[in-house]
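Worksheet: one structure, shown below.
The values are calculated or read from the model by the stated rules, or taken from the named source; none is laboratory data. Since we're looking at a predicted model, the values are computed, not measured. Note that each Cβ is placed from the backbone with ideal geometry, even for glycine, and that neighbours are counted across all protein chains shown.
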């Protein structure tokens, strides 16, 4: 039996599961990020204890605890630095606190992107591959790399930041402070911004309608919904975003020659409306010999991704 | 005792050495590429036998044979496909031919960029690191990746093509057929082209002088020589090329978070005249947290690189 803990910016969860990916039980609650790290972690430890009690289990029944949390963090020391979604966190010894609360149980801490990559590799769209890249396409473009059958973390746990390669040297400003990052061109907010910026000469009427008549409130979801209805304006927006994403993936393919690339969130929602322009750009910007061995697919785990991300850490 | 065989486009060599990087003896001869794969390999096998005989050794004294050759090739089957520098080669079973010639001796075939990366990692500028990228900066920009303490080859031996990531979407045509590849912006021929294209309004007089008065014959070496003399025009050319290289390396750092990047040829010749602009661009285009743990240095093995590249394959 494995205890998985997922620490998110808005909600967090404790999960009991098995190494094969079966979820036995889960409890979720709001993170209440403003209460600070000590309070959040105390609540999560209490939540985990309740979950064990509910299942008539004791900490002795646990073979391991996996904790998935936003980075930056140090997997060697188990310390979490300043995740953008958790204000007031700075050098929080998350692993040590859980080790203290559950003595004798092995605790593994990993950043959420790497953990989700491992989950998709072991239980989802990456099953059976030896080398795989997983990329979220949500608020940001985070990622994790499985190379030669194991998670690759890099020198200080920062490998896989595929979303912060430079695609357009003088491109739009990215939240990270650089210009023209893939994330600034192909994340959810980038889809919304591109659509908003293109609303000239009466274009995008259906999109504005779906967004309640308010262009400033257009989101990536509105764009995808309209594109699915057949709206050409929104399909073009997805096609442009897909081209940038495809260039970023082509670079990844040239550098890592992976067997599979698994894409989350936007790619899951939009499906071929986004995957097809991505594949078309990859065909243009990557060598045939490398891209022909690399399939580009949507993530499979959906709502279970966060739970399994925490479980898989202790299963590995 | 290890036999190393280096198959190049103009010359090839057989080398005897030890796993610690000591070279005992070597024989070199022109490849005579036009004679075709069968003749070339027969001559190399004969050369290797002579070398053994000279040292009073027999094939039984060999612990392994390492063969370094231009790709594309398949390390699993030991077959070399169509290296651009070896015309008429197509699906040549190089490993099998050496196994036949030296029965009972383990033979390892690897592409030259990966083999050189291993050699720099084990004997040269990458010593002591767990994750390292090696990039040639010569006629092309090839490369090899050492990740978590071992060579990473990718799904079909094409990992490490860092030189064929797209840096400028509508950039100059690359020899590979794509546009705006790093190789088209920062290889030796790119340095020469950039210098030639910039010779307007009487600029670059010293460079043209060094090139014998013939702008069309300017090479990267001329540019570096003039820059070393203090010529501002040529220093600017190197600075521009270094900026492109730095953007490519920043992308690599974002994706792989390596401990070290080792650069060959141009970087070795030009030293800080190229390394400084590279490091400056990396500081602008990569996150401080990732680049601060990554040193960017020139390769160390020089003339010994090819010999050690072959030796290291059997030493690993």
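Quick look at the values:
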{"item": "Cβ pairs under 7 Å, 6+ apart, first in the range A:161-178 and at the interface with chain B (Cβ under 10 Å from one of its Cβ atoms), second surrounded by fewer than 16 Cβ atoms within 10 Å (Cβ to Cβ) and not in a loop (DSSP other than H, G, I, E, B)", "result": "none"}
{"item": "Residue match in the range A:279-289 (condition: assigned to a helix (DSSP H, G or I), touching a residue at least 60 places away in the same chain (Cβ under 8 Å) and surrounded by fewer than 20 Cβ atoms within 10 Å (Cβ to Cβ))", "result": "no"}
{"item": "Subset of the range B:247-278 (residues that are surrounded by fewer than 24 Cβ atoms within 10 Å (Cβ to Cβ) and either within 14 Å of another protein chain (Cβ to nearest Cβ) or free of Cβ contacts under 8 Å to residues at least 24 places away in the same chain (or both))", "result": "B:259, B:260, B:272"}
{"item": "Selection status of residue A:48, at pLDDT 95 or above and either within 17 Å of the chain's Cα centre (by Cα) or at positive phi (or both)", "result": "no"}
{"item": "Filtered residues of the range B:47-64 (kept if under 22 Å from residue B:8 (Cβ atoms) and loosely packed, with under 13 Cβ neighbours inside 10 Å)", "result": "B:50, B:54"}
{"item": "Leading residue by the ranking (surrounded by the fewest Cβ atoms within 10 Å (Cβ to Cβ)) among those in the range A:106-120 that are out of contact with any helix residue (DSSP H, G or I) (no Cβ under 6 Å at 6 or more places or on another chain) and within 16 Å of residue A:67 (Cβ to Cβ)", "result": "A:106"}
{"item": "Filtered residues of the range B:129-158 (kept if at the interface with chain A (Cβ under 10 Å from one of its Cβ atoms) and under 25 Å from residue B:85 (Cα atoms))", "result": "B:133, B:143, B:145, B:151, B:152, B:153, B:154, B:155, B:156, B:157, B:158"}
{"item": "Qualifying residues in the range B:290-313 (those that are assigned to a helix (DSSP H, G or I) and within 13 Å of chain A (Cβ to nearest Cβ)) - the one nearest to residue B:136 (Cα to Cα)", "result": "B:291"}
{"item": "Residue B:218 being touching a strand residue (DSSP E or B) at 6+ places or on another chain (Cβ under 8 Å) and away from chain A (no Cβ under 14 Å)", "result": "no"}
{"item": "Test result for residue A:79, in the same structural domain as residue A:103 (by TED's automatic domain parsing) and touching a strand residue (DSSP E or B) at 6+ places or on another chain (Cβ under 7 Å)", "result": "yes"}
{"item": "Candidate set from the range A:80-93 (those that are crowded, with 18+ Cβ neighbours inside 10 Å and under 20 Å from residue A:154 (Cβ atoms)); member that is nearest to the chain's Cα centre (by Cα)", "result": "A:83"}
{"item": "So residue A:71, is it in a loop (DSSP other than H, G, I, E, B), touching a helix residue (DSSP H, G or I) at 6+ places or on another chain (Cβ under 6 Å) and either more than 14 Å from chain B (Cβ to nearest Cβ) or at pLDDT below 95 (or both)", "result": "no"}
{"item": "Residue check, residue A:9 closer than 16 Å to residue A:94 by Cβ and assigned to a loop (DSSP other than H, G, I, E, B)", "result": "yes"}
